[in-house]
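**Q** Dumping the structure here so I can ask a few things about it.
Every number in this text was worked out from the coordinates using simple rules, so none of it is lab data. In this text the structure is predicted, and so the values were computed from the model without any measurement. Cβ placement follows ideal geometry from the backbone for every residue including glycine, while neighbour counts extend to all protein chains displayed.
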Amino acid sequence: MNHAIAADGTRLWYDVHGAGETLLLIHGQSLDHEMWDGVHEDLAERFRAVRVDLRGTGGSDAPLDRAYSMELLARDVLAVLDALGVERAHVYGFSMGGKVAQTLVSIAPERVGALVLGATAPGGKNEVERPEHASLALRRASSDEGRELIGPLFYTPEWAREHPETVTRILPRNPLRAQRRHYEASLKHDGWDLLPRIQAPTLIVHGEDDELTPVGNAELLAERIPGAELLVLPGVRHGYLHEAVPKATEAVLDFLTRNPF
């Protein structure tokens, strides 16, 4: 089991698959590295895919004595790159992980090759808000009814019924107080002024029917980030990266291949 150590001593779990240019995978809010199952295997055929558990999730420590922020989480993933001796990596951030990625490329642009932002948003007052029922589902995701609330927001009902193990992987399993830290950090993120300064080649991927992070946010990101490419996948929701396989993964691989370090 591999752990990097953050500046405050927090142990951060990570693993490595494949070889080539490093691709750092940052999971969504209160999820963990297992979220990438069914995706990282294909990415690792061409890249050195590094999965990380953000603090408060999976195999990482869950310190609760301070608030979390996107900058804190971004510096955590930098600690993982440092532990691996990686000076530069491509970064793929999903949902809240996309907000961490926005912050990472803003505070350490020299460490990021190409950037993939999946199902994410700019934050702040400019973010297109999710409907109230989606916010309610997010707050109750770890309850007994979590599967029934969150599953349909990630996947179409037919696909979810056929892939129950994937639905299980996108349900929060971390401590409730850590879930709250993640939720509050995501709410406080405002990357609006950071986005125009991003110089990394950027691909934005989003499900057209996403209610957890409405697709209007992808359009905002594409407008604000210079030269960004936008891929909107029809007929899928927040969990496009699983349900829209292989199209979503092929698009990411093509983009990263076209934008080497």
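**Q** Given H placed 1.01 Å from N in the peptide plane, which residues other than close sequence neighbours of residue 116 have an amide H under 5 Å from its amide H?
**A** For residue 116, whose amide H was placed from the backbone, the distant partners under 5 Å are 91, 92, 93, 203.
**Q** Shifting gears a bit: List, in order, the whole-Hz ³J(HN,Hα) value for each residue of the range 77-84 obtained from phi through the Karplus relation with A = 6.51, B = -1.76, C = 1.60 and θ = phi - 60°; use x for Gly and Pro.
**A** With coefficients 6.51, -1.76 and 1.60, one gets 5, 4, 5, 5, 4, 4, 5, 8 Hz.
**Q** Return the sequence-ordered ³J(HN,Hα) values of the range 222-234 in whole Hz as given by the Karplus equation 6.51 cos²θ - 1.76 cosθ + 1.60 applied to θ = phi - 60°, using x for Gly and Pro.
**A** Residue by residue, the range 222-234 yields 5, 6, 8, 8, x, x, 5, 9, 10, 10, 9, 9, x Hz.
**Q** Okay, moving on. Taking a ≥ b ≥ c as the square roots of the Cα gyration tensor eigenvalues, with a/c under 1.5 meaning rounded and otherwise prolate when a/b beats b/c, else oblate, which class fits the range 101-214?
**A** Details: a/c = 1.96, a/b = 1.67, b/c = 1.18.
Since a/c reaches 1.5 and a/b is larger than b/c, the shape of the range 101-214 is classed as prolate.
**Q** About its Cα centre, what dipole magnitude does the chain give when the only charges are +1 on Lys and Arg Cβ and -1 on Asp and Glu Cβ, stated in debye to the nearest 20?
**A** 660 debye
**Q** As an exercise, identify the GluC sites (Glu not before Pro) in the range 1-67 lying in DSSP coil whose Cβ has no more than 14 other Cβ atoms within 10 Å. Mind showing how you got there, number by number?
**A** Details: sites: 21, 34, 41, 45; in loops: 21, 45.
Filter output for the range 1-67: 45.
**Q** Here is a follow-up. Tell me, what ³J(HN,Hα) does each residue in the range 203-220 have, in order and in whole Hz, if you take phi through Karplus 6.51 cos²θ - 1.76 cosθ + 1.60 with θ = phi - 60° and put x for Gly and Pro?
**A** 10, 10, 10, 8, x, 4, 9, 5, 9, 5, 9, x, 5, x, 5, 4, 5, 5
**Q** I need the shape label for the range 154-257. Rule: rounded when a/c is under 1.5, else prolate if a/b > b/c, else oblate, with a, b, c from the alpha carbon gyration tensor.
**A** The shape class here is oblate.
**Q** Counting only DSSP beta bridges with both residues in the range 2-258, what percent are antiparallel, rounded to the nearest 5?
**A** So the antiparallel bridges amount to about 30 percent of the total.
**Q** Which one, 70, 212, 153, projects farthest toward the positive side of the charge dipole computed for the range 2-258 from Cβ point charges (K/R +1, D/E -1)?
**A** The residue sitting most towards the positive pole is 70.
**Q** Ok, one more. Can you pull the semi-axes for the chain, root of five times each eigenvalue of the Cα gyration tensor, sorted largest first, whole Å? Spell out each step's value before the answer.
**A** On the way: eigenvalues 111, 91, 71 Å².
Over the Cα atoms of the chain, the semi-axes work out to 24, 21, 19 Å.
**Q** Roughly how far apart, in whole Å, are the Cα centres of the range 208-229 and the range 1-42?
**A** 24 Å
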